[in-house]
Amino acid sequence: MTGVLSNWRGYLELTKPGVQALLFVSCASGMLIGSDFRPPIEVFFFGLIGISFLAASSAVINHFFDKQIDSKMMRTSERPLVMGDITDKAAISFSVILYLVGAFMLLYFTNFLTWILTTLTFIFYGFIYTKYLKFMTSQNIVIGGLAGAMPPLLGWTAISNTIEPNALLLVLIIMVWTPPHFWALAVYRVDDYADAEVPMLPVQKGVPFTKQHILLYTVLLIVATMLPYTVQMFGEIYLISALLLGLIFLVYSLRLYRDDTNALAMPTFAYSIFYLAALFAAMLIDHFIYL
């Protein structure tokens with residue numbers, strides 16, 4: 001315990017707090033929309049914490065398995081396990097504790113369905129994607145994106161104990177958002193991935209091919225974000241917001257596609273993060289107003 005307290009920043013980094021923030025927003029949105037902004041307080045609080053703990057646990061597993069890869073990449077070369085700030089044994093123990101505490105919260109305060117779906121997501125990302133899928137195909141992030149897309153469904157099931165079609169639409173949106181989001185970063189860090197021998201799309205198919213797919217997936221994303229409006233899940237506030245945010249994303253993707261220097265890769269990546277947070281904010285505002 002003393003080691004954790006003295007190196008809490010390293011342990012926090014192992015949980016990937018930036019990813020956790022987006023997870024938290026989308027999961028909370030699923031809870032609020034699924035309950036019409038009337039979630040039971042204990043379910044809302046402990047459900048969010050429990051889901052976050054299991055996601056954090058899988059992030060630690062990801063750090064553990066990616067230790068050798070991380071040491072070869074500039075972006076990840078100073079992560080705690082690479083630098084030796086935290087031992088492998090301590091990291092695994094931390095992951096186990098996070099999982100057990102989170103699983104208890106989900107089983108006690110939410111329901112078995114939420115626990116099993118979150119556990120399957122934990123296994124898929126922490127082991128199947130990280131250990132195997134990432135190295136099997138250049139489309140790894142398209143398939144692996146399912147894990148990152150699950151939080152709104154997990155939040156929804158924590159409240160309703162059912163898998164609702166509308167919740168699956170939110171999963172679909174994040175799944176389609178993930179490739180252009182991550183490929184923009186991969187374009188910027190293509191040399192890193194090549195050095196680490198990770199078959200990301202720009203490494204296998206080239207940067208121009210990847211930029212083309214970023215553009216195509218952005219168009220597909222705009223179409224996907226229209227679906228909640230067509231089934232009357234959300235109203236005009238969401239529709240206008242989704243269109244405006246999507247068109248701005250499209251401009252970024254188009255400019256990146258035409259940019260031979262790749263200087264716009266990181267601005268596109270940064271906007272994609274803002275885009276998803278703003279899109280879910282628009283969902284919440286729209287649903288609250290039209291209750």
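Would you check which residues across region 38-47 are in contact with a helix residue (DSSP H, G or I) (Cβ under 6 Å, 6 or more places away or on another chain) and farther than 12 Å from residue 160 by Cβ and list them?
Correct list: 42, 44, 46.
Which condition from (1) within 20 Å of the chain's Cα centre (by Cα); (2) over 30 Å from residue 290 (Cβ atoms) is the one that residue 30 breaks?
(2)
Could you name every one of the helices (runs of 4 or more DSSP H) located completely within region 105-214 that has at least 1 residues being in contact with a Pro (Cβ under 9 Å, 6 or more places away or on another chain), modelled with pLDDT of 95 or more and buried (at least 21 other Cβ atoms within 10 Å of the Cβ)?
Values: elements: 112-123, 140-149, 151-160, 165-188, 190-195, 201-205.
The qualifying helices (runs of 4 or more DSSP H) are 112-123, 151-160, 165-188, 201-205.
Consider residue 132 against the criteria (1) within 20 Å of residue 60 (Cα to Cα); (2) in contact (Cβ under 8 Å) with a residue 12 or more places away in the chain: it satisfies all of them except one. Which criterion is unmet?
(2)
Of these, 59, 28, 55, 91, which one is touching a residue at least 24 places away in the same chain (Cβ under 8 Å), over 27 Å from residue 283 (Cβ atoms), touching a Leu at 6+ places or on another chain (Cβ under 9 Å) and not assigned by TED's automatic domain parsing to the domain that holds residue 203? Steps first, answer last, please.
Numbers: 59 fails: over 27 Å from residue 283 (Cβ atoms); 28 fails: over 27 Å from residue 283 (Cβ atoms); 55 fails: over 27 Å from residue 283 (Cβ atoms).
The conditions single out 91.
For region 16-61, which positions are within 17 Å of residue 119 (Cβ to Cβ) and modelled with pLDDT under 95? Explain how you work it out, then say what you get.
In the first step, residues of region 16-61 are kept if they are within 17 Å of residue 119 (Cβ to Cβ); the result is 23, 27, 46-61.
Residue satisfying the conditions is 23 alone.
So, in region 252-269, of the ones that are over 23 Å from the mean Cα position of the chain (by Cα) and more than 18 Å from residue 191 (Cα to Cα), which residue ends up surrounded by the most Cβ atoms within 10 Å (Cβ to Cβ)? I'd like the intermediate steps shown before the answer.
First, the residues of region 252-269 that are over 23 Å from the mean Cα position of the chain (by Cα): 254-255, 257-263.
Okay, now just the ones that are also more than 18 Å from residue 191 (Cα to Cα), so 254-255, 257-258.
Working: 254: 16, 255: 14, 257: 18, 258: 10.
Per the stated criteria, the residue is 257.
Helices (runs of 4 or more DSSP H) wholly in region 1-82 with at least 1 residues that are buried (at least 17 other Cβ atoms within 10 Å of the Cβ) and aromatic (Phe, Trp, Tyr) - which ones?
By residue number, 8-14, 17-34, 41-65.
With the requirement that a residue be under 20 Å from residue 149 (Cβ atoms), assigned to a loop (DSSP other than H, G, I, E, B) and touching a Phe, Trp or Tyr at 6+ places or on another chain (Cβ under 9 Å), what does region 215-243 give you?
Result: 234, single match.
Could you say which residue among 184, 149 is small (Gly, Ala, Ser) and assigned by TED's automatic domain parsing to the domain that holds residue 34? Spell out how you get there, then give the answer.
Working: 184 fails: assigned by TED's automatic domain parsing to the domain that holds residue 34.
From the options 184, 149, the qualifying one is 149.
The values are calculated or read from the model by the stated rules, or taken from the named source; none is laboratory data. Keep in mind that what you see is a predicted model, and the values were worked out from it rather than measured. Cβ coordinates were reconstructed from backbone atoms using ideal geometry, including for glycine residues, and neighbour counts include every protein chain displayed.
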